[in-house]
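Enquirer: I am attaching a structure below and will ask some questions about it afterwards.
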Amino acid sequence: SDWFMAPAPPRTGTGLNGIALPDVCFNQTDKRVFHAFVIGDWGGILYKGSTVPVPADKRSPNFPAFTRTFINGVDDNAQQRVAAQMKVRAPISQPDYILNMGDNFYWGGVMAHCGTPTWTHIETGQWQHVFEQVYEGPGLDNKQWLGVLGNHDYGGYRFTATWDQVIAYTWGGPRSSGRWVTPAQYWSAKVHYPDFSIDYYFVDSNVFNAFPPEHMAGHNICGAAHNVAGASCGLSGPPSVEECPSWFANLWDAEVEWLERLLSRSSATWQIVVTHFPPISGKDVWMRIVKRYGVDLILTGHQHLQAIWGPDEASNFLAPTAVVVSGGGGGITCEGSPDKDGNDDQYGFMDLTLTREVITIEAISHGGKLRKTAQVHPRHPAAPAGAEQQDRDPMDGDRQDRERHDRDPKDGRNDTGASKELGLRGSGRGGGGPRDDPAAAEARHLV
């Protein structure tokens with residue numbers, strides 16, 4: 001099948017964490033190259049009474065580091081400009097699916113309270129007006145969106161937005177097109193093509209915005225300043241403000257263990273990680289993982305701009321693993337000043353050309369300009385002595401890994417009991433965490 005299929009919905013948003021979806025095949029024999037689009041931070045604010053989303057304005061005095069002139073004609077309809085260029089390119093590239101980096105709805109996610117069962121749908125108008133009616137047309141219709149949650153999907157500076165509804169929409173709503181695929185906080189999928197395959201790993205990295213309650217009032221999912229007294233997401237978690245940092249810490253620990261286990265057994269031609277935060281957060285963990293297991297590409301968002309860390313660039317500390325930052329989807333105003341014609345790297349999306357030998361990354365701006373191109377070649381794992389590392393077969397086998405992580409669906413915690421404290425294991429979180437210096441976190445654009 002060429003359709004990503006999720007199992008029956010679980011009781012809570014954490015119930016399918018670690019799920020491997022059934023393999024998907026795009027085996028059109030007349031095609032030798034295949035495409036996927038990449039976009040993040042795309043969903044604008046839907047004000048009461050309106051059906052047209054507008055970008056969240058990050059240029060305000062509340063964010064002095066990002067204060068700049070508002071560019072009329074660009075900043076006021078950035079999401080629509082990016083979507084328009086996707087519509088222009090889609091009939092040509094014919095993407096098989098869209099890879100979504102999260103921060104789906106600004107400012108604070110789906111506008112309801114977390115903790116509802118995933119088989120229910122809460123109607124806020126956002127799905128219809130911010131997603132379904134914006135990303136449609138030839139080449140985009142009936143193309144699934146495979147994604148992760150961003151910090152704003154949890155609420156931005158609180159954790160009680162209906163983040164579990166972002167997962168629940170995988171099973172649709174009254175007017176759903178059926179394209180949305182985010183069945184869990186972390187999950188995997190294998191895609192087969194005629195002569196190559198890709199293992200995708202979707203990872204929740206929002207631990208890097210989950211600080212102790214008294215820290216980072218404006219940039220902290222777990223902050224006491226904006227979470228009301230007694231805040232809780234019930235069975236799905238986080239259970240409370242006090243337990244929020246450790247809830248995200250446990251989640252990250254479980255994911256790292258899960259990711260390494262799956263990577264060690266991958267027989268696919270390509271290994272691609274999809275996550276929200278760029279790998280400057282958790283730098284030590286990512287450096288170890290990409291080297292040990294040969295991850296080829298990491299796709300991210302969060303920073304509200306468009307960037308490619310090429311596999312041969314000196315500034316790329318993960319080289320030859322390439323990194324994409326596609327946080328310029330237009331749901332929030334960009335980091336720098338955009339150009340009215342799109343001669344900038346602020347708003348846009350990425351077009352991946354997928355083949356057995358090479359993945360070509362093209363950065364497309366909100367004006368339709370090709371801003372940068374990079375090519376990625378398979379990175380082989382280090383296979384350290386004594387490690388159980390399977391050699392990668394470029395032709396791929398039929399091996400499938402459908403293991404689920406042992407988790408307690410009641411609260412989303414790792415059953416091993418790891419990370420009971422606010423900090424994390426040294427092998428887990430790496431260069432970031434609840435104990436980070438707030439000033440350093442600010443510098444990493446934790447907005």
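The values are calculated or read from the model by the stated rules, or taken from the named source; none is laboratory data. Computed from a predicted model, the values in this text were never measured in an experiment. Using ideal geometry, Cβ is built from the backbone for each residue, glycine included, and neighbour counts are taken over all protein chains shown. To get the accessible areas, we keep the full protein, side chains included, count just its heavy atoms, and leave off ligands, DNA and RNA. Shrake-Rupley method; radii C 1.70, N 1.55, O 1.52, S 1.80 Å.
Enquirer: Express in whole angstrom the spacing between the alpha-carbon centres of region 82-119 and region 360-375.
Expert: Their Cα centres are 20 Å away from one another.
Enquirer: Taking the Cα centre of the chain as the origin and placing charges on Cβ (Lys, Arg +1; Asp, Glu -1), which of Thr355, Ser50, Gly155 is farthest toward the positive end of the dipole?
Expert: So the residue furthest toward the plus end is Ser50.
Enquirer: Continuing with the same structure: Taking the chain as a Gaussian network, Cα atoms linked when under 10 Å apart, which of Pro22, Pro174, Pro53 shows the biggest mean-square fluctuation?
Expert: Among Pro22, Pro174, Pro53, the largest GNM mean-square fluctuation belongs to Pro174.
Enquirer: Between region 44-74 and region 209-256, how many Å separate their Cα centres?
Expert: Value for the Cα centre distance between the two parts: 26 Å.
Enquirer: With runs of 4+ DSSP H residues as the only contributors, calculate the mean residue ellipticity of the chain at 222 nm using -39,500 (n - 2.57) per run, divided by the residue total and rounded to the nearest 500. Kindly include the intermediate steps, with their values, before the conclusion.
Expert: Details: 6 runs with 64 residues, N = 447.
So the calculated ellipticity at 222 nm is -4500 deg cm²/dmol.
Enquirer: Another question, then. Which Cys residues of the chain have no other Cys Cβ less than 4.7 Å away and so no disulfide-compatible partner by this rule?
Expert: That list is Cys25, Cys334.
Enquirer: Rounded to the nearest 10 Å², what accessible area does Phe70 have for a 1.4 Å probe in the complete protein model?
Expert: 70
Enquirer: Below 8 Å between Cα atoms, with a sequence gap of 6+, how large is the relative contact order for region 20-383 in percent?
Expert: Reported as a whole number, the value is 22 percent.
Enquirer: About its Cα centre, what dipole magnitude does the chain give when the only charges are +1 on Lys and Arg Cβ and -1 on Asp and Glu Cβ, stated in debye to the nearest 20?
Expert: Details: 39 positive and 52 negative charges, 52 e Å.
With Lys and Arg at +1 and Asp and Glu at -1, about 260 debye.
Enquirer: While we're on this one: Taking a quarter of the surface of the Cα convex hull of region 20-383, what do you get in nm²? Don't jump to the answer; show the numbers that get you there.
Expert: Details: hull surface 69.0 nm².
Average projection, Cα convex hull of region 20-383: 17.3 nm².
Enquirer: Could you state the accessible area per residue of the chain in Å², with a 1.4 Å probe and every protein chain left in place? Write down the numbers at each step before the final one.
Expert: Working: 15770 Å² over 447 residues.
Result: 35 Å² of accessible area for each residue.
Enquirer: Please list, in chain and number order, the residues 5+ apart from Ser197 or on another chain whose amide H is under 5 Å from its amide H, with Hs placed from the backbone.
Expert: Thr269, Trp270
Enquirer: In a GNM of the chain with a 10 Å cut-off on Cα contacts, which of Asn62, Asn316, Asn151 has the highest mean-square fluctuation?
Expert: Residue with maximal mean-square fluctuation among Asn62, Asn316, Asn151: Asn62.
Enquirer: Of Lys143/Lys372; Lys58/Lys372; Lys143/Lys283; Lys58/Lys369; Lys87/Lys340, which sit over 22 Å apart, Cα to Cα? Intermediate values should be presented prior to the final figure.
Expert: Numbers: Lys143/Lys372 25 Å; Lys58/Lys372 25 Å; Lys143/Lys283 33 Å; Lys58/Lys369 24 Å; Lys87/Lys340 19 Å.
Where the Cα-Cα span goes over 22 Å, the pairs concerned are Lys143/Lys372; Lys58/Lys372; Lys143/Lys283; Lys58/Lys369.
Enquirer: Per the 1.4 Å probe, what fraction of the accessible area of the chain, in percent, lies on carbon and sulfur atoms? Write down the numbers at each step before the final one.
Expert: Values: 8140 of 15770 Å².
After summing per-atom areas, the C and S share lands at 52 percent.
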